[in-house]
1. Say we look at the range 78-97 and pick out the residues that are assigned to a loop (DSSP other than H, G, I, E, B) and within 14 Å of the ligand (Cβ to nearest atom); which of these is nearest to Pro23 (Cα to Cα)?
2. Looking for something assigned by TED's automatic domain parsing to the domain that holds Ser98, out of contact with any helix residue (DSSP H, G or I) (no Cβ under 7 Å at 6 or more places or on another chain) and in a loop (DSSP other than H, G, I, E, B) - is there at least one such residue anywhere in the range 122-134?
3. Quickly run through the range 161-190 and pick out the residues that are surrounded by 14 or more Cβ atoms within 10 Å (Cβ to Cβ) and more than 28 Å from Ser98 (Cα to Cα).
4. For the range 135-191, enumerate the residues that are β-branched (Val, Ile, Thr) and not in a strand (DSSP E or B).
5. How many of the residues making up the range 45-77 are part of a loop (DSSP other than H, G, I, E, B), hydrophobic (A, V, I, L, M, F, W, C) and either loosely packed, with under 11 Cβ neighbours inside 10 Å or away from the ligand (no atom under 13 Å from the Cβ) (or both)?
Amino acid sequence: MLKDLVVHNRSYRRFDQSVRVSPATLHELVDLARLTPSSRNAQPLKYSIVTTPECCEKVFPQLSWAGYLKEWDGPVEGERPAAYVIMLGDTNIAKDFSIDPGIAAQTLLLGAVEKGLGGCILANIKREVLRSVLEIPAQFEILYVIALGKPVEKMVLETVGSDGEIKYWRDPQQGHHVPKRRLADLILAEK
Ligand SMILES: Cc1cc2nc3c(=O)[nH]c(=O)nc-3n(C[C@H](O)[C@H](O)[C@H](O)COP(=O)(O)O)c2cc1C
């Protein structure tokens, strides 16, 4: 069921790093993204895929994890992503990438969940350092990094309470709680 995939597609930030993700798997995931809607069907998104431990080590320090969790510096060695998809915008094709990146990223992640993997979209990136370590040509805008791996996190979806708090939080057992607004609070009108 699509809803199961959507529910299980949380932003995972801790993984079993020993479970490697093959380039072939990432090719399959990017192939899903390839088939998604694109403004003017321009298809300006390109991808750089990273699966080797050496290259993963270069990507990891360029990312910022879970801004609301002030006490947490991101996943420790052993729980770091086993792969990354760097989503790039080809400025030779388009100057404005519209909502293509979001559609592509979510589709790619749903594909990952279907394969028993999971991941996180990251926008908080040291872009110029990443460009340099991965030797990404200037023609490509670095849009997002999608971190991937075999999740080891317990995720708890819950409903935003009367206090309106939307920040995710961790319980003492490191369960990760994600408040979502109630359906009734999203549908403004029904005519
Ligand atoms: C556009 C976008 C950018 C994001 N950037 C980051 C980021 O830089 N670091 C991070 O840890 N999470 C990032 N996230 C993940 C969000 O924090 C996460 O989606 C949110 O907490 C809700 O959790 P959920 O995805 O499990 O529903 C990003 C998500 C989106 C959609």
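The values are calculated or read from the model by the stated rules, or taken from the named source; none is laboratory data. Note that the coordinates shown come from a computational prediction; the quantities given were computed from them, not determined experimentally. Every residue, glycine as well, gets a Cβ built from its backbone with ideal geometry; the counts of neighbours run over all protein chains shown.
1. Out of the qualifying residues, it is Pro81.
2. Among the residues of the range 122-134, at least one is assigned by TED's automatic domain parsing to the domain that holds Ser98, out of contact with any helix residue (DSSP H, G or I) (no Cβ under 7 Å at 6 or more places or on another chain) and in a loop (DSSP other than H, G, I, E, B), which makes the answer yes.
3. As a first pass, look at the range 161-190 and keep what is surrounded by 14 or more Cβ atoms within 10 Å (Cβ to Cβ): 168-170, 176-179.
Those that are surrounded by 14 or more Cβ atoms within 10 Å (Cβ to Cβ) and more than 28 Å from Ser98 (Cα to Cα): Trp169, Arg170, His176, His177.
4. Residues satisfying the conditions are Ile136, Val152, Val160, Ile166, Ile187.
5. So the answer is 1.
Residue by residue, here is whether (1) farther than 15 Å from Phe60 by Cβ; (2) free of Cβ contacts under 8 Å to residues at least 40 places away in the same chain; (3) crowded, with 18+ Cβ neighbours inside 10 Å; (4) out of contact with any strand residue (DSSP E or B) (no Cβ under 8 Å at 6 or more places or on another chain) holds:
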{"site": "Lys115", "(1), (2), (3), (4)": "yes, no, no, yes"}
{"site": "Gly119", "(1), (2), (3), (4)": "no, no, yes, no"}
{"site": "Ala138", "(1), (2), (3), (4)": "yes, yes, no, yes"}
{"site": "Leu148", "(1), (2), (3), (4)": "no, no, yes, no"}
